[in-house]
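Nothing in this text is a laboratory measurement; each read-out follows from the coordinates by a stated rule. Model, not experiment: these values are computed from the prediction. FYI the Cβ positions are ideal-geometry reconstructions off the backbone, even for glycines, and counts take in every protein chain you see.
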Amino acid sequence: MVRITAFVRPHRLEEVKSAIAAQGVTGMTVSEARGRGNHPEQTVEFAGQAVLIALPVRARVEVVVELEKQETVLAAIQRAAQTGEPGDGKIFVEKVNQAHRIRTGEAGMDAL
């Protein structure tokens, strides 16, 4: 199993969620995150003023999938999140050693 964590633009979240669901993944966690990557900070026009947003809001999407689905889920997220502009986000993949469902005691892939 692997955990795929993607930091994407908030306005691309619905497309990313739909793309993940289309791969047969039923569970995910979505939260709000703030941060920036390698691209320089940019100003945006707000009420006629240039405003610097030092740590812009991003959507953090996490899913745990079996190893066999890793590449297709990664590709789906990439396609759905990409705008071609700096700040599109990042995707991280981590190995998950175990998973346990608290309610039933199921373990491994059955716990997902």
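Over the Cα atoms of segment 2-111, what is the Rg over Rh ratio if Rh follows Kirkwood?
Details: Rg = 16.4 Å, Rh = 15.4 Å.
Radius of gyration relative to Kirkwood radius: 1.07.
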Mind checking which aspartates and glutamates have their Cα closer than 16 Å to the Cα of residue 95? Skip sequence neighbours fewer than 8 apart in that chain. 62, 66, 68, 71
As I understand it, the dipole of the chain uses +1 on the Cβ of Lys and Arg and -1 on the Cβ of Asp and Glu, about the Cα centre. Which of 109, 83, 33 lies farthest toward its positive end? 33
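Evaluate E = 1/(1 + (r/R0)^6) for residue 71 and residue 104, where r is the Cβ-Cβ distance and R0 equals 35 Å; express this FRET efficiency to the nearest 0.05.
Efficiency, rounded to the nearest 0.05: 0.75.
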Per residue of segment 28-37, in order, report the coupling 6.51 cos²θ - 1.76 cosθ + 1.60 (Karplus, θ = phi - 60°) as ³J(HN,Hα) in whole Hz, putting x for Gly and Pro. 7, 10, 10, 9, 8, 9, 10, x, 8, x
Contour excess over end-to-end distance, with Cα ends at residue 83 and residue 55 and 0.36 nm allotted per residue: 8.2 nm
Fewest to most neighbouring Cβ within 10 Å: what's the order for 2, 57? 57, 2
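As a test of the formula, what do you get for the chain when each DSSP H run with n ≥ 4 contributes -39,500 (n - 2.57) and the sum is divided by the residue count, at 222 nm and rounded to the nearest 500 deg cm²/dmol? Intermediate values should be presented prior to the final figure.
Working: 2 runs with 21 residues, N = 112.
Per the formula, -5500 deg cm²/dmol.
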Taking Cα pairs under 8 Å and at least six residues apart, what relative contact order does the chain come out at, in percent? 42 percent
Residue by residue through segment 97-109, which ³J(HN,Hα) values in whole Hz follow from phi under the Karplus form 6.51 cos²θ - 1.76 cosθ + 1.60 (θ = phi - 60°), with glycine and proline marked x? 7, 8, 9, 9, 8, 5, 4, 9, x, 4, 10, x, 4
Residue exposure sequence - 12, 34, 3 - by fewest surrounding Cβ within 10 Å: 34, 3, 12
